[in-house]
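The values are calculated or read from the model by the stated rules, or taken from the named source; none is laboratory data. Since this is a predicted model, take the numbers as computed values, not measurements. Note that each Cβ is placed from the backbone with ideal geometry, even for glycine, and that neighbours are counted across all protein chains shown.
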Amino acid sequence: MKAMNILALTLLIIGGLNWLLVGLFEWDLIGGLTGGMNSAFARVVFVIVGLAAIYAFALYGKVSDDDRIGAR
């Protein structure tokens with residue numbers, strides 16, 4: 001499960017950095033590396049990053065548990 005958490009976090013960081021580049025420079029890193037935003041591979045990457053974001057909702061419970069343990 002730890003590997004899945006690390007993978008989800010890594011994908012969320014990649015997605016966040018991609019949005020940062022879109023916001024600052026109007027350049028889509030994923031689209032640039034995969035042949036355009038509408039390429040099939042780019043769409044698969046976007047879906048995987050989105051699924052990682054959905055999975056990350058489960059991490060809220062872990063963060064809350066960690067905070068409670070640290071407060072003792």
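Quick rundown of the values:
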{"quantity": "Near pairs, Cβ below 9 angstrom, 6+ apart or cross-chain, from segment 23-40 (under 20 Å from LEU11 (Cβ atoms)) to any residue that is surrounded by fewer than 11 Cβ atoms within 10 Å (Cβ to Cβ) and not polar (S, T, N, Q)", "calculated": "THR34/ALA40"}
{"quantity": "Residue check, GLY35 at pLDDT 90 or above and either small (Gly, Ala, Ser) or under 14 Å from the mean Cα position of the chain (by Cα) (or both)", "calculated": "no"}
{"quantity": "Considering residues of segment 1-50 that are touching a Phe, Trp or Tyr at 6+ places or on another chain (Cβ under 9 Å) and of a type in the set (Val, Ile, Thr) only, the residue surrounded by the fewest Cβ atoms within 10 Å (Cβ to Cβ)", "calculated": "THR34"}
